[in-house]
Each structure stands twice: as C-alpha cells, then as structure tokens.
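Report on one structure; see the data block that follows.
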Amino acid sequence: MNIEVDKNNIIVSFIVLGSNDQCDIYVSPEKIPSNFFDDFKSNYWIYLDNVIVKNPNFVEDVPVKSQSNDEKLANLAQQLATSQILQAKTNAQLIQQNAMLVKQVADLQSEKETTNG
C-alpha cells in the first residue's frame, strides 16, 4: 500500500492498487493496522517512524444537526415578518418626514407671498 501524508505526517490518502503521484510512501502489509481500512477517517491515522498509528490528537467531528424543512420554513417566515415590520417602521418615518417637508414648503411659500406683497 502507498500513502500520502501532510506536513504533520497525518495520512490524508492511500492507494492499494495502481499508482498515484501523491501517494509516494510505501508501507509494507505487516505495518498496516488490521483496522486501518475500516477505521480510516480524515486525521485519524498518522505515519510515525515508518509505522501507521492512531493519531493521538484525533478529535471526532461532531455532526451538525440539520434543520427539518418545517424548521427552515418557520425561520424564513420569521425573517420575512421581521423585515416587514422594519419596512413598515421605515415607511412610517418617511411619511412623517415627507409631511414635515410639505409643511415647511408651504410655510416658505406663505412667507414669500407675505414679503412680496
């Protein structure tokens, strides 16, 4: 079997038959642990002193809980409701500002007519 290791000697891939340019380290069959193939995972095995051993720093990845379609739909509905509320508040502020501007324009026109006679 040939293996490929990274800079920390962690086995990242292997090949049993054929050839591969990345798998350039030959390991004789007697140096392969009996559970190597069954237990092969990313970062699980390390190549030290011409022997394959379990990586002492290996940490099992914790699977991420995926959301059901109903949970995804509920989250999207919540996001939509939140954005609609924010949009309504923005619209109300803009309407209020517009009304203030209309009043200011009317006041200026009235003042102009008074001064121009």
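Data overview
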{"read-out": "Pair list, Cβ under 6 Å, 6 or more apart: the range 48-64 residue within 16 Å of Phe37 (Cα to Cα), other residue open to solvent by 100 Å² or more (accessible area, probe 1.4 Å) and of a type outside the set (Lys, Arg)", "value": "none"}
{"read-out": "Odd one out for Tyr47 among (1) part of a helix (DSSP H, G or I); (2) hydroxyl-bearing (Ser, Thr, Tyr); (3) at pLDDT 90 or above", "value": "(1)"}
{"read-out": "Residue under evaluation Lys89, criteria (1) closer than 19 Å to Asn8 by Cα; (2) modelled with pLDDT of 90 or more; (3) among the basic types (Lys, Arg), criterion not met", "value": "(1)"}
{"read-out": "Residues that are open to solvent by 80 Å² or more (accessible area, probe 1.4 Å) and among the aliphatic types (A, V, I, L, M), drawn from the range 43-75", "value": "Val59, Val62, Val64, Leu73"}
{"read-out": "Looking only at the range 21-42, and only at residues there that are among the polar types (S, T, N, Q) and open to solvent by 80 Å² or more (accessible area, probe 1.4 Å), the one that is farthest from Ile3 (Cα to Cα)", "value": "Ser34"}
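The values are calculated or read from the model by the stated rules, or taken from the named source; none is laboratory data. Just so it is clear, the model here is predicted, and its values are computed rather than measured. FYI the Cβ positions are ideal-geometry reconstructions off the backbone, even for glycines, and counts take in every protein chain you see. In case anyone asks, the SASA skips ligands and DNA or RNA and just uses the protein heavy atoms, side chains included. Shrake-Rupley method; radii C 1.70, N 1.55, O 1.52, S 1.80 Å.
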